[in-house]
Amino acid sequence: MTANSAPDMDTDTALPLDNPLLEHLGVRLVATAPGRCEFRLDVEPQHLNRSASLHGGVVATPLDAACGYAGLHSGDSRAPPAQAVTVMLTISYLGRVDAGRIRAHGQVTGGGRKLYFSSAELIAEDGRLIATAQGSFKRFSATGRAAAAPAASPDERRQDERA
């Protein structure tokens, strides 16, 4: 992490992720602590755009994940796992990268019980700042979430509203 890094954050081993998109892209969660996390990605040819640099969507994905996951670790091992959805995310693209390992460092910057704010930096292997992100996220309990149901059609929604 950066100079404000938590000393107990292990950055050598990938942690369980349970996120199919991140796993498919090769994005790995390597460190987590209350209010912070770090992801890494080894840049490969399938991550590049037509200009042979890291695709903007691949830049955005670990930044979004770092901002979001930073607010999920409460430090209480007895607490049920939390989840969050992105409410707003702003990304500033500052540099390019075409190979090597990138790291996304996320940190909570404020918020409350349900809504929190965080920021992240995407750093190239040589230390260059590639992009930054700031966002707001809505937290919810994974145990309190109902099983996903198929989306209702407009007619079904109208019927439910009348009932």
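Each reported figure results from applying straightforward, stated rules to the coordinates on display, with no laboratory input. Not measured: the values here are computed from a predicted model. Here the Cβ positions follow ideal geometry from the backbone for every residue, glycine too, while neighbour counts run over all protein chains shown.
Data table
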| quantity | calculated |
| --- | --- |
| Interchain or long-range residues, amide H under 5 Å from VAL97's placed H | LEU54 |
| Two-site label geometry, THR13 and LYS114: point separation in nm, points 7 Å out along Cα→Cβ | 3.8 |
| Sequence-distant residues sharing a close amide H with LEU48 (under 5 Å, placed H) | HIS55 |
| Inverse of mean 1/r across different Cα pairs in the stretch 95-143, Kirkwood, Å | 12.3 |
| Surrounding net charge for PHE137, when Lys and Arg each add one and Asp and Glu each subtract one, Cβ distance under 10 Å | +2 |
| Estimated FRET transfer efficiency (SER51, GLN134; beta-carbon r; R0 25 Å; 0.05) | 0.45 |
